[in-house]
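Structure first, commentary second.
The values are calculated or read from the model by the stated rules, or taken from the named source; none is laboratory data. This is a predicted model, so every value here is computed, not measured. With ideal geometry, Cβ positions are generated from the backbone for all residues, glycine too; neighbour counts draw on all protein chains shown. Keep in mind that these areas ignore ligands, DNA and RNA; they rest on the heavy atoms of the full protein, side chains included. Shrake-Rupley method; radii C 1.70, N 1.55, O 1.52, S 1.80 Å.
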Amino acid sequence: MAALEVTASPLRPYSGHRIERHENLGRSWSQSTHDTDRSGERSYRFNSLGFRGSEFRPDSRLTVFVFGESDAFGIGVELEETWAYGVALREAKRLGIDESELCVMNFAEGGSSNSAIARMVLTQCSCVRPDLVLINFAQHQRIEAYANGSTFPVGPWHDTEHAEQTVAHAHEAGGLKARLGDQLERARAFLRYCDHDQGLFQSTRDVLLVQSMLKAEGIEALAIARTPEHYLRPEIVEDFALGPLVELIDREFFRLDISPLHLVEDVDWSDVQHYGPRTHAAVAERAFAALRGTAAPLEPDPDVEQHKQNVALVTDSVRDFYTELPFNYHGTEKDALAAIRQPTIERTYPDLHRFLQESAVHRTESNGSLNLSVLEVGCGAGWLSHGLALHYNVDVEAIDLTPAALDRARALAPRVGTEARVRFRECNVFDFHTSQRYDLILSMGVLHHTGDAWAALKRVARYLAPGGHVYLGLYHAPGRRVFLDEMGRLAREEGEEAAFQRYRELDRVHAGDDTLARSWFRDQVLHPHETQHTLKEVCGWFDELGIELVSTSINRFGPISDRALLFDDELEYEGVSRRALFDEKRYFPGFFTAFGRRTT
């Protein structure tokens, strides 16, 4: 399998010795076995950088970096069962942060030496500044050598018969057997020359290097080791070379008082050499206590808490509003099916159509090996989700908070033939959480009905795959005011029914179906909450999320040479709206789209 190009990221991709992780760089993947765990009972998910866990999310409220060897990697346990993840969860809870807003990057690698761990800490923390660093230093006998352009661990195991058997049974392909033989010869030569405490000498320097770097950068950190007592042996403390180095270790950083092997009375093992869930949980409890002691939770910010309450109230009111009559709701399932089967996306959203068509060609050329994954936020009765699956053969996960709309969407699936491609889920956008990453995230006319459109976009953007696309539809501030003012005036002066009849005269597309027309009227005129936005504002959001504007309806989906010109153009939309409403007697909702691609 050829290595894929790694998508640009502020973090460095995997650079260790495992071949399959290099082969899969650039995409997320998973397997059920790893290293000594051959049970097939655990899930080992790797991100596009080649590390265990989810993709990096720059917008997370709490970012925790984990470094170390197999105890930190979590061989034999789920990632969420590892001690470092347990500490991260406790820290998030202390700060009042939801788990979905937590980013844990696990850079650990089974078999790592402390030199490899130190190198990983220095490189990754130089790329991105985390809020907290957790480290599981390796056993001191495990050191690192460098020869012929690669690194390899060196330790007492090279003096065993097993090491010779490993070389003898290695494959000749790719020069693996020769490379392992050369490493074994060099390792044994090194061990003949050096005392086994050479590893402790080198490891102490690695610990101090990491300690100094993190302290200089002001990054909070805690480290443990499986056998920390070796640093406290009398012959080491009293040694003229090692003693002064050990004295420099900050005991609040490197907790020599936490020894997992002695922390629980009966250590549980996931296999013959790695901790099980119970031991990881005990280490997490002790490590967090060491990190925080009896520190009280932070006092909540009153403004933040009030904002959360306001968002929740908006969510409840919107759910109640759509429960009475969902948006874009046809009078019969037959009419709904007819609307889905019409290929209207090409006419309505031509830039989205082009993207989907190009993706379909790419998937065909790749013999179906790549499948576009889509998330629709606020799917309503499923018109767009079903249309995407039917006309473009993509997989769609669709969320909405209205049971009535979802009931209709699910009922249509077998009749339109999309039940295998569309999954509907009842969910508030602010509660949405998944381990999946999507190639395309759409939200059409939805985020402006949440209590915080920007926060909602940040929430879903964390699930966007590297290089993925966002298609956003929002009410446009300049283009929306004229319509709202006129319909509001009419409803106040002549009543809701008069406003509805005027709306039907303007909106000729939906006028023929009374239920559909009324669902549009209520959504456009009577909605309990909406906000209006500008392309300039959305571009600011995109910039913060590392998303590049690709196209927009503001310039009728044309090429973009200068965003500033678009910002000038959108100011003219109030005049466009006024002419449409009063001169041309046609419906102009004041709605715009922005299509973007993640570049980070």
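Things worth noting here:
- Among residues of region 216-245, those that are assigned to a loop (DSSP other than H, G, I, E, B) and of a type in the set (Asp, Glu), counted: 2
- Picking from residues in region 239-269 that are more than 20 Å from residue 199 (Cα to Cα) and open to solvent by less than 40 Å² (accessible area, probe 1.4 Å), the one that is modelled with the highest pLDDT is 253.
- Filtered residues of region 101-112 (kept if of a type in the set (S, T, N, Q) and part of a strand (DSSP E or B)): 106
- Output for region 56-90, where each listed residue is in a helix (DSSP H, G or I) and of a type in the set (A, V, I, L, M): 72, 79, 84, 87, 88, 89
- Residue tally, condition closer than 17 Å to residue 534 by Cβ, under 29 Å from the mean Cα position of the chain (by Cα) and either at pLDDT below 95 or not aliphatic (A, V, I, L, M) (or both), over region 546-590: 5
- A count restricted to region 376-408 and to residues that are assigned to a strand (DSSP E or B) and modelled with pLDDT of 95 or more stands at 7.
- Those residues of region 551-588 which are open to solvent by less than 90 Å² (accessible area, probe 1.4 Å), touching a helix residue (DSSP H, G or I) at 6+ places or on another chain (Cβ under 7 Å), not in a loop (DSSP other than H, G, I, E, B) and not small (Gly, Ala, Ser), in sequence order: 552, 554, 555, 563, 566, 567, 569, 570, 573, 574, 576, 581
- Some residue of region 68-89 being polar (S, T, N, Q), out of contact with any Gly (no Cβ under 8 Å at 6 or more places or on another chain) and either closer than 18 Å to residue 109 by Cα or open to solvent by 50 Å² or more (accessible area, probe 1.4 Å) (or both): no
- When region 474-485 is limited to residues that are surrounded by fewer than 23 Cβ atoms within 10 Å (Cβ to Cβ) and aliphatic (A, V, I, L, M), the one that is nearest to the chain's Cα centre (by Cα) turns out to be 477.
- Just one of (1) within 19 Å of residue 349 (Cβ to Cβ); (2) open to solvent by less than 70 Å² (accessible area, probe 1.4 Å); (3) among the aliphatic types (A, V, I, L, M); (4) modelled with pLDDT under 95 fails for residue 509. It is (2).
- Residues that are within 19 Å of residue 322 (Cβ to Cβ) and in a loop (DSSP other than H, G, I, E, B), drawn from region 508-529: 510, 513, 526, 527, 528, 529
- Condition check for residue 502 on (1) part of a helix (DSSP H, G or I); (2) open to solvent by less than 30 Å² (accessible area, probe 1.4 Å): one failure, at (2).
- Test: residue in region 460-473 that is farther than 24 Å from residue 308 by Cβ, open to solvent by less than 20 Å² (accessible area, probe 1.4 Å), of a type outside the set (Asp, Glu) and over 15 Å from the mean Cα position of the chain (by Cα): yes
- Residue match in region 214-237 (condition: without any contact (Cβ under 8 Å) to a residue 24 or more places away in the chain, closer than 24 Å to residue 126 by Cα and either within 31 Å of the chain's Cα centre (by Cα) or open to solvent by less than 30 Å² (accessible area, probe 1.4 Å) (or both)): yes
- In region 538-545 there is no residue matching the filter, namely being among the acidic types (Asp, Glu), within 18 Å of residue 474 (Cα to Cα) and touching a Ser or Thr at 6+ places or on another chain (Cβ under 9 Å).
- Residues located in region 401-415, provided they are under 28 Å from the mean Cα position of the chain (by Cα) and open to solvent by 20 Å² or more (accessible area, probe 1.4 Å): 401, 403, 410
- Sole exception among (1) in contact with a Gly (Cβ under 9 Å, 6 or more places away or on another chain); (2) more than 30 Å from residue 462 (Cβ to Cβ) for residue 508, by number: (1)
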